[in-house]
Structures are given as C-alpha cells and as structure tokens.
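Undergrad: Provided herewith is a single structure, encoded as structure tokens, for subsequent inquiry.
The values are calculated or read from the model by the stated rules, or taken from the named source; none is laboratory data. These figures come from a predicted structure and were not determined experimentally. So basically every Cβ, Gly included, is an ideal-geometry build from the backbone, and we count neighbours across all protein chains shown. Heavy atoms of the whole protein, side chains included, go into the accessibility calculation; ligands, DNA and RNA do not. Shrake-Rupley method; radii C 1.70, N 1.55, O 1.52, S 1.80 Å.
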Amino acid sequence: MAKYLVTGAAGFIGRSIAAELIRRGESVRGVDNFITGKRENLIGLDKMEFIEGDLTDPAVCGHVVRGVEIIFHEAALASVPRSVADPLPTNAACVDASLYLLNAARKAGVRRVVYAGSSSAYGDTPTLPKHEQMLPNPISPYAAAKMAAELYMGAFARVYGIETVTLRYFNVFGPYQDPTSQYSGVMAVFCRKMLAGEQPTIYGDGEQSRDFTFIDNVVHANLLAAAAPAEKVSGRVMNAATGNRVTLNETFRELAQIIEYKGEPSYAPPRAGDIRDSLADISLARQLLGYQPIVSFPVGLRRTVEWYRNTSNT
Ligand code: UD1
C-alpha cells in the first residue's frame, strides 16, 4: 500500500518529487492522464505504482487516494497562454480535478495534501517582493484557477480537518521540464532552441523579471511541507522560491554563455496575461518549514543545460 500519492507524476515537478521519494525508500503511487505528462518521464520510476487516469473523473480520484497518507498534488495544465487561448480545460484540470481529489481524500481519510500553488496568484501588483499577506490578484484564467484550488485547500482544512499546505511555486525550471510545447516554460524553450542553434524569442523588452527556482528547491520545500507539524502549517499558504530575481535578458545572456550560443534573441510583442516582475519573500517558508534553497540559480542553470544537452528532447 502506497504511503504517498503524487498527482501529475509523469509531469516535470510530479516526476521529480516521486523520484526523490523513491530515492528515500518511500512507497509511492503516481497518477497522470498524459495530457501534458510524458511516458518517458516514468523511466527510472519502476518502483512507483502508476495509475493512468484523469482526476476530472471523481471515480479515478476515489481509486487513487485509497490507503494513502499524504498527497502531493502537482497535476495541472500549467500555462498562462494556454489558459488565455481556452480557459475551460484549465478550469477542469486545475479547479474541478483539485476539488474532486480533495473530496475523495477527505472521505478516504488521507491525512495531508500538499498543493502546487502558483506565484501567479499575486498578479501584476507593483509591490516586490511578494509576500503571503498580500491580497491575491489573479490576472489570467490560469492564475484564477490555481487560486481557486488554493482556496479549496484552505476551506477543506477548516471544515473537514484534512491537513492542507499550499506552496506557491515561482517559475520552476530544471531537468524533465518539457521544452517542446508552445506552452512550455521559458527556460526549457530557451535551452532547447539555443542548444539547437536556433534563435529564441523574447516577448516584450526582456526586462521582465522572474524568481526562477531550480526544481531541487521545490522538491525540498514539498518534502518539508509534508513533514512539518500540522499545527504550524495546516491550512497555510507559503511561497516556494529563491528570493532572487533575474530578467529575461540576463537569463538569455547567462544561458548563451553556458551554451556558447553566439546569436541574439528576437523580440516580439508581450504576451497577454503576462506579468512584469515576480520575486518572492521566502521568510514564511523559512519560518514554518525551515526551508531555504539548496541549489543556487547558476548551478541549477548549468545542471539544466547539461540535462537538455544529454537528452534527445533537444
Ligand atoms: C507563470 C506563473 C507560474 C506558473 C507558470 C506556468 C507568474 C509569475 N508565474 O509563469 O506560477 O507556474 O506560469 O506556466 O505568473 N517568454 C519569452 N519567450 C518564450 C517563452 C516565454 O519571452 O519563448 C516570457 C514570457 O512572456 C514571460 C516569461 O518569459 O514573460 C516567463 O514565461 P513562462 O515561463 O511561460 O512563465 P510565467 O508566465 O512567468
């Protein structure tokens, strides 16, 4: 019987959490519908019990939560522009599925759900860094959907006593992030293109900034959130990030140096729903979880490039 369930286990972040749990000798079940997850991401996770299924089906939720103590809920359709193009699938995957999962979890006696929240909850407010006391201000359908499920997490902790913890991720990057979709995260796209000698495109002037967070830091935050005492963390929301930001122009230059890419980026109009600057205050996670980043941005960047270099994805 698995102790842990990872939803979105064939996706970038879910796969990475599952791998670390297995490395620690834990029993893990994974679920994915392969809409954005990849079968090849399951390679190396043979010890995980895997169930193919869609969490928008309440019966699937009831099935996958059985016997589980802790859930890492990573399944989502993670993209702002995808949600702008068509908000309904984003709502189904991020809101409906999360509610069905929570409902199944409380009925099955799951003790804790650690939820993949999003920094997009903060929207485009000029205040930096973003801290958890700020009022949410989602400006894209994606942000609204991730925020809605976050509210459900809090409400379920309140009324049903199931322990829930939301980690608001800030621009996670690293090995296993899909670089091939038009909705892929910028770091994955830039790595793929620049390694192939293609010109990357920067939307806007490139002076927008992000708190790019290497995947190992987010996995670390999740494991701390799973282990922290309920009285400290249940029903809470906290940032999972680095507390530093870089602009896209700087990111391009650093990548160009590592990859030895000689060209320049092309510039295109800004994307709808895009925010300008994003930077996290990570003091709450530090205080409640003892969290601090374990891999720096430059080291994470090198490991990421190395991974894309060595995979056929590129
Ligand atoms: C947003 C959310 C994040 C969420 C992620 C999922 C914020 C602050 N963050 O990230 O929580 O997990 O969506 O996708 O809202 N860009 C280019 N060229 C490209 C691709 C992207 O210039 O080829 C630009 C985008 O316009 C944007 C930046 O790079 O300004 C980052 O884009 P992306 O990686 O898609 O993530 P966010 O939209 O910041």
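Undergrad: Search the structure for amide H atoms under 5 Å from the amide H of residue 168, placed 1.01 Å from N in the peptide plane, and list their residues when 5 or more places away or on another chain.
TA: Those qualifying (amide H under 5 Å, at least 5 residues apart or on another chain) are 117, 238, 239, 240.
Undergrad: Between residue 302 and residue 253, what length comes free when the chain is fully extended (0.36 nm per residue of separation minus the Cα-Cα distance, one decimal in nm)?
TA: Here the answer is 16.3 nm.
Undergrad: Still on this structure, please answer the following. At what distance in nm do the modelled label points of residue 311 and residue 51 sit from each other, each positioned 7 Å from its Cα along Cα→Cβ?
TA: Inter-label distance under the simple model: 2.6 nm.
Undergrad: Another question, if that's okay. Within the range 22-63, which residues have the backbone N less than 19 Å from the label spot 7 Å out from residue 155 along Cα→beta-carbon, could you tell me?
TA: 56-58
Undergrad: Further, regarding this structure: For the range 179-314, calculate the relative contact order in percent as a whole number, restricting contacts to Cα pairs under 8 Å that are 6 or more residues apart. Don't jump to the answer; show the numbers that get you there.
TA: Working: 172 pairs, mean separation 53.1, N = 136.
The value is 39 percent.
Undergrad: Please report the orientation-averaged projected area of the range 101-235, defined via the convex hull of its C-alpha atoms, in nm².
TA: On the way: hull surface 39.4 nm².
For the Cα atoms of the range 101-235, the hull's average projected area reads 9.9 nm².
Undergrad: For the range 195-235, what is the charge dipole size about the Cα centre, in debye to the nearest 20, if Lys and Arg each add +1 at the Cβ and Asp and Glu each add -1 at the Cβ?
TA: It works out to roughly 220 debye.
Undergrad: Which value, in Å², gives the accessible area per residue of the chain when a 1.4 Å probe is used on the protein heavy atoms? Can you show the working numbers first?
TA: Numbers: 13340 Å² over 314 residues.
Dividing the accessible area of the chain by its residue count gives 42 Å².
Undergrad: Using the structure shown, list the pairs from 193/262; 3/47; 47/107 with a Cα-Cα distance above 21 Å, or answer none.
TA: Checking Cα-Cα distances, 47/107 exceed 21 Å.
Undergrad: Let me check against my output: what whole-number percent is the relative contact order of the chain, with C-alpha pairs under 8 Å and at least 6 apart?
TA: Answer for the chain is 18 percent.
Undergrad: Sequence-distant or interchain residues sharing an amide H contact under 5 Å with residue 71, placed H: which?
TA: 5, 112, 113, 114
Undergrad: Could you tell me how far the Cα centroid of the range 80-115 sits from the Cα centroid of the range 159-209, in Å?
TA: 20 Å
Undergrad: Oh, and also: Rg(Cα) of the range 39-96 divided by 2.2 N^0.38 Å?
TA: 1.33
Undergrad: Expressed in whole Å with the largest first, what are the equivalent ellipsoid semi-axes of the chain derived from the C-alpha gyration tensor as the square root of 5 times each eigenvalue?
TA: After diagonalising the Cα gyration tensor, the semi-axes are 30, 21, 18 Å.
Undergrad: Keeping the other protein chains in place, figure out the carbon and sulfur percent of the accessible area of the chain, with a 1.4 Å probe.
TA: Working: 6650 of 13340 Å².
Ligands and nucleic acids excluded, carbon and sulfur reach 50 percent.
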